[in-house]
2 protein chains.
Amino acid sequence: MEFLSGTTAKETMELHDLMAEECIGKTVRVNGAVHSVRDMGEVSFVVLRKREGLLQCVFEEGTSVLSAKEIREAQTVELTGTVEKDERAPHGIELRVTGGEILTTPYAPLPLPVGKWKMSTSLEAKLDSRSISLRNIRERAKFRIQEGIVRGFRDFLYSQQFTEIHTPKIGAKGAEGGSNIFRLEYFHHPAVLAQSPQFYKQMMVGVFDRVFETAPVFRAEKHNTKRHLNEYTSLDFEMGYIDSFHDIMEMETGFLQYTMRLLEKEYADELKILGVTLPDTERIPMVRFDTAKQLVSEKYNRKIKNPYDLEPEEETLIGQYFKEEYNADFVFVTHYPSKKRPFYAMDDPADPKFTLSFDLLFHGLEITTGGQRIHDYQELRRKIAARGMSEEGMDQYLDTFKYGMPPHGGLGIGLERLTMKLVREDNVRETTLFPRDLSRLEP
Amino acid sequence: MEFLSGTTAKETMELHDLMAEECIGKTVRVNGAVHSVRDMGEVSFVVLRKREGLLQCVFEEGTSVLSAKEIREAQTVELTGTVEKDERAPHGIELRVTGGEILTTPYAPLPLPVGKWKMSTSLEAKLDSRSISLRNIRERAKFRIQEGIVRGFRDFLYSQQFTEIHTPKIGAKGAEGGSNIFRLEYFHHPAVLAQSPQFYKQMMVGVFDRVFETAPVFRAEKHNTKRHLNEYTSLDFEMGYIDSFHDIMEMETGFLQYTMRLLEKEYADELKILGVTLPDTERIPMVRFDTAKQLVSEKYNRKIKNPYDLEPEEETLIGQYFKEEYNADFVFVTHYPSKKRPFYAMDDPADPKFTLSFDLLFHGLEITTGGQRIHDYQELRRKIAARGMSEEGMDQYLDTFKYGMPPHGGLGIGLERLTMKLVREDNVRETTLFPRDLSRLEP
């Protein structure tokens, strides 16, 4: 009988091993995809794309059993050669090729110039050939950064004793209600796709105290803007035993600080490729909704049209104001009007027209909505009734409160938006692997 | 202007801090939910449920400002007292209460005996009151173990240079095709819910070499069994530059070994609560599909009805066989018949009736399906044609291969099934927070 006993060491080497001092002068084997080929006559430079970055491979006439003439862009290959230092090459090393083999060969020339540093290809064209355009080093790097954000979110929350949960995306009723719900038939019953894990994460606070989820959410919104998606990844957490909704903002600040350090440490190559300067997360200003509107109105001579609503332009100006006045990249805007928040938001006892809630703006764009929730069963039912809503389909959610819940609150972060702002893109589709919008359902 | 600068230390203490030697005899504050109350006359024992476990709090008449008479099950409270050692109490400590306050009070007595060690409540009743039944310590522990599995999966794959991806769950076409697809309307276009991230993770192998995703998948299967769900969490990975499909099984073995060590180290309390003995992952036997059928047929006197199919009873017997003969908890069954595998599975060049694929059985239950995939564009198209399938809607998937792909393969693991087997449950709904099946769409 044959047995498997774990991963075995591979003969082929990865980039960071090759860069080690003891590797210089050694004969090694590497694999990768041919990213670009530059034929200089007697010498050819073949750049391999590996998962950690690019590796320059030099073919000199007569020294390699495998001829550079056989090498074409987008092949995958396995090469043998010696590692040498070369300051001009990516990562300061190159492979002097002595032999190798071609693993696979494409059937057509690439439709996009992925081997270039900047592709200058339109967003539409990039999305139409997503599995090709992402082979570009800069395009790919954005999603490595995105990984770092999710990883930072989870690792920080694990350290704060949160439990990760997985809640269903098909349900009988939407958490927020309204018209922005995708509907489907579930074995002859009407069903909806989850707009958020809101009800479930609250229900789980009574079990685990602190919970989080990183999962897709679905919004049938008919907005066709640079910042809206109809499916996105939501980073959600909910925590019990809070003293005030400031605890939630403090937790988010902690997450941002942890994540920036993680990116600096583990994703330095990608930050460099994209030329990203990390934002300041050491101290994040906090301003009331009404005060923010007032400040912006005064400084930029803008009339307040509706004291209970925030227009996108106002958000942008609040971002600008805090950058100019406090050199702040982020700002927490607190105490949103009650009528703009869902029924489960806790009203401010000092003035019930406003809620104990907040948005976090990053350079003037909302990337988080959060706040304290109502934890008292009767208060929750009163608010549902006052809004003219029905309790139908909310039995288990409401029962959770009937049988006791601690004071709690939480938030949801839009992963693609946070990534977009971090890497300084201006369309959220640039930082979404396969975006879903009003006109895009493929690939 | 007010600023936030990260999480601030809380006055209230958590269980592991309380258990520290220097805490004994100190006056502390703790919060939690009242898990059970035992009134012994002059002394009352109130057990608090905290996120790390249970804490016994002792009220002696006359020593506490807050009377034990006010304490009721399912309240949330904040108590003050001194920490003392007591071998009979959970974790060997108790709190001698001197005062405190009630944070919240329930409106009705709990419908389930969650304070008991074993609830002996039916699965249906537990699911009907999910947010209550999970407050039981044993019920809750299963999902802490589940967290450990997902965490182990990700952390191990990060260490193996995989990149995490987030692929869309709404699409124009299912990866596997067939009738088991949930359909919905997407802005007046027909759409489906993803059965798996198969196409996307393959497309991303050409970008990142190695990718993984932990996300929900949707199967409109009409099976009503103990091991089927219509929505579950799939742990998927896909890796390029493999030498053979053994690389994939080695990676999975590595994941299992890493995860068992993580559970042992970080989830010891939960393993103890559930009385779980971790399975052996050091060496996992590997057997061909046809050989496995033969071995089971001989040993258990069972006639082989169909040489190209594996019945659930046969799976169970294969598990039994390898437990009896090799004391193995897991077994890789390889070379599944081509007609039982999807079109993208790579056939075995030595005998194209079989594929370079595998299932992993855990005590006789399939928890993983994986294998090598076809990477040659024309071979893929030939197989699609040979199956009488249409290429419609697969343009971007197929283009990925036209423009060059490395040899690759991957797998998908059913998280709820793996959890179920690990904690020795016999119904997958026991290890699903909010199961979705033929008859259950709520909560």
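The values are calculated or read from the model by the stated rules, or taken from the named source; none is laboratory data. Not measured: the values here are computed from a predicted model. Because the Cβ atoms are built from the backbone with ideal geometry, glycine has one as well, and the counts that use them run over all protein chains shown.
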Exercise. State whether the residues of the range B:327-344 include one that is of a type in the set (A, V, I, L, M), in a helix (DSSP H, G or I) and within 21 Å of residue B:249 (Cα to Cα).
Key: no
Exercise. Answer yes if at least one residue in the range B:399-414 is in a loop (DSSP other than H, G, I, E, B), at pLDDT below 95 and within 11 Å of chain A (Cβ to nearest Cβ), and no otherwise.
Key: no
Exercise. Name, by its number, the condition in (1) within 26 Å of residue A:143 (Cβ to Cβ); (2) not in a strand (DSSP E or B) that does not hold for residue A:54.
Key: (2)
Exercise. Please tell me if residue B:365 is aliphatic (A, V, I, L, M) and either crowded, with 22+ Cβ neighbours inside 10 Å or within 12 Å of chain A (Cβ to nearest Cβ) (or both).
Key: no
Practice problem: Say whether the condition of being touching a residue at least 12 places away in the same chain (Cβ under 8 Å), out of contact with any Asp or Glu (no Cβ under 8 Å at 6 or more places or on another chain) and within 14 Å of chain B (Cβ to nearest Cβ) is met by at least one residue in the range A:333-344. | Solution: yes
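So is residue B:377 in contact (Cβ under 8 Å) with a residue 24 or more places away in the chain, under 14 Å from residue A:107 (Cβ atoms) and within 14 Å of chain A (Cβ to nearest Cβ) or not? Explain how you work it out, then say what you get.
Working: in contact (Cβ under 8 Å) with a residue 24 or more places away in the chain: yes; under 14 Å from residue A:107 (Cβ atoms): yes; within 14 Å of chain A (Cβ to nearest Cβ): yes.
Considered against the rule, which asks whether it is in contact (Cβ under 8 Å) with a residue 24 or more places away in the chain, under 14 Å from residue A:107 (Cβ atoms) and within 14 Å of chain A (Cβ to nearest Cβ), residue B:377 comes out as yes.
Matching residues to (1) under 24 Å from residue A:355 (Cβ atoms); (2) within 12 Å of chain B (Cβ to nearest Cβ):
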site	(1), (2)
A:260	no, yes
A:269	no, no
A:287	yes, yes
A:293	yes, no
A:300	no, no
A:319	yes, no
Exercise. Could you please give the count of residues in the range B:262-317 that are within 26 Å of residue B:149 (Cβ to Cβ) and either part of a loop (DSSP other than H, G, I, E, B) or hydroxyl-bearing (Ser, Thr, Tyr) (or both)?
Key: 12
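Filter the range B:169-225 for residues that are assigned to a loop (DSSP other than H, G, I, E, B), closer than 27 Å to residue B:376 by Cα and over 20 Å from the mean Cα position of the chain (by Cα) and give the result.
B:172, B:173, B:174, B:175, B:176, B:177, B:178, B:209
From the residues in the range A:89-114 that are in contact with a strand residue (DSSP E or B) (Cβ under 8 Å, 6 or more places away or on another chain) and closer than 14 Å to residue A:36 by Cα, which one is surrounded by the fewest Cβ atoms within 10 Å (Cβ to Cβ)? Step through it out loud before you land on a result.
So in the range A:89-114, the residues in contact with a strand residue (DSSP E or B) (Cβ under 8 Å, 6 or more places away or on another chain) come out as A:89-104, A:114.
Filter once more, so that each one left must be closer than 14 Å to residue A:36 by Cα: A:89-90, A:114.
Details: A:89: 18, A:90: 14, A:114: 27.
That would be A:90.
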Quiz prompt | Selection within the range B:61-115 - in a loop (DSSP other than H, G, I, E, B), of a type outside the set (Gly, Ala, Ser) and touching a Ser or Thr at 6+ places or on another chain (Cβ under 8 Å) | solution = B:63, B:65, B:71, B:72, B:73, B:75, B:111, B:112, B:113, B:114
Practice problem: Assess whether residue B:228 counts as being farther than 23 Å from residue B:149 by Cβ and surrounded by fewer than 23 Cβ atoms within 10 Å (Cβ to Cβ). | Solution: no
Quiz item: Residues of the range A:85-110 being among the charged types (D, E, K, R) and either without any contact (Cβ under 8 Å) to a residue 12 or more places away in the chain or within 14 Å of chain B (Cβ to nearest Cβ) (or both), which ones?
Solution: A:87, A:88, A:101
Quiz item: Which members of the range B:293-332 meet the condition of being touching a residue at least 40 places away in the same chain (Cβ under 8 Å) and of a type in the set (Gly, Ala, Ser)?
Solution: B:319, B:328
Quiz item: Restricting the first residue to the range A:111-138 and requiring it to be closer than 18 Å to residue A:274 by Cβ, which pairs with a second residue that is among the hydrophobic types (A, V, I, L, M, F, W, C) and surrounded by fewer than 14 Cβ atoms within 10 Å (Cβ to Cβ) meet a Cβ separation below 8 Å and a spacing of at least six or different chains?
Solution: A:133/A:125; A:137/A:117; A:138/A:117
